[in-house]
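Scroll down for the structure; my scribbles are underneath it.
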Amino acid sequence: IAGQRGRPLPPGCAGLGLVSEAEKMDLLASADVFVAPHRARESFGIVVLEAMASGVPVVAADLDPFVDLLGPSAPGEPAAGSLFPTGDPQALARSVIGVLRRPDPARTALARQRARRYDWSTVGAAVLTVYRAAVAGGGVAPDRRDAG
């Protein structure tokens, strides 16, 4: 388990502490499953996005940012990962066991594809377009309801 330690780990688990970016990429590349058991404090879900981009199957709590990244994009479309109810350790265990017993390469490929939407080669170009429009005076006027 990589990351800051907050609580004692269960038997059979090894704590790695904080890891470098290179170590993180190596860990993701070698993992059978990435688990995000967060209970709160996620504004976007970069940890899930990094796991999706690496090609490791993802199991995550059903926090809104994780649902936005992993859940179906539209009704009837497949999910890009496995979600479980936040704070439910039995559901987490069932999700992890399910992913390990039934690998789904199509789901993992979908997760990688979705992660590309957030790559800086895509996001950066969109941000530049907005900045250029604003500098050229072509910016969009703010919605009056947003004014404080």
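Readers should treat all values here as calculations from the given coordinates under stated rules, not as data from a laboratory. Bear in mind the structure is a predicted one, so any value in this text is a computation, not a measurement. Because the Cβ atoms are built from the backbone with ideal geometry, glycine has one as well, and the counts that use them run over all protein chains shown.
Under a Gaussian network description of the chain, with springs only between Cα atoms under 10 Å, the residue in ARG102, ARG41, ARG132 that fluctuates furthest is ARG132.
For segment 25-148, a Kirkwood hydrodynamic radius built from all Cα pairs, placed in the Stokes-Einstein relation at 10 °C and 1.306 mPa s, yields a translational diffusion coefficient of 98 µm²/s.
On the basis of the beta-carbon distance and an R0 of 25 Å, ALA106 and PHE44 show a calculated FRET efficiency of 0.50. With R₀ set to 41 Å, the beta-carbon distance separating ILE1 from VAL130 gives a calculated FRET efficiency near 0.55.
State to the nearest 20 debye the size of the charge dipole of the chain about its Cα centre, where the only charges are +1 on K and R beta carbons and -1 on D and E beta carbons. Walk me through the numbers on the way to the answer.
Values: 16 positive and 15 negative charges, 16 e Å.
With Lys and Arg at +1 and Asp and Glu at -1, about 80 debye.
Ranking VAL47, PRO11, ALA29 by how far each Cα lies toward the positive end of the dipole of segment 1-49 (charges on Cβ) leaves PRO11 at the top.
Coupling constants for segment 75-87 follow from the phi torsions by the Karplus curve (6.51 cos²θ - 1.76 cosθ + 1.60, θ = phi - 60°), and in residue order they are x, x, 8, x, 7, 9, x, 9, 10, 9, x, 3, x Hz; glycine and proline get x. Comparing mean-square fluctuations of ALA61, ALA79, ALA14 from a GNM of the chain with C-alpha springs under 10 Å, the top value falls on ALA14.
Backbone amide hydrogens, once placed in the peptide plane, bring ALA2 within less than 5 Å of LEU16, excluding anything fewer than 5 places away on its chain.
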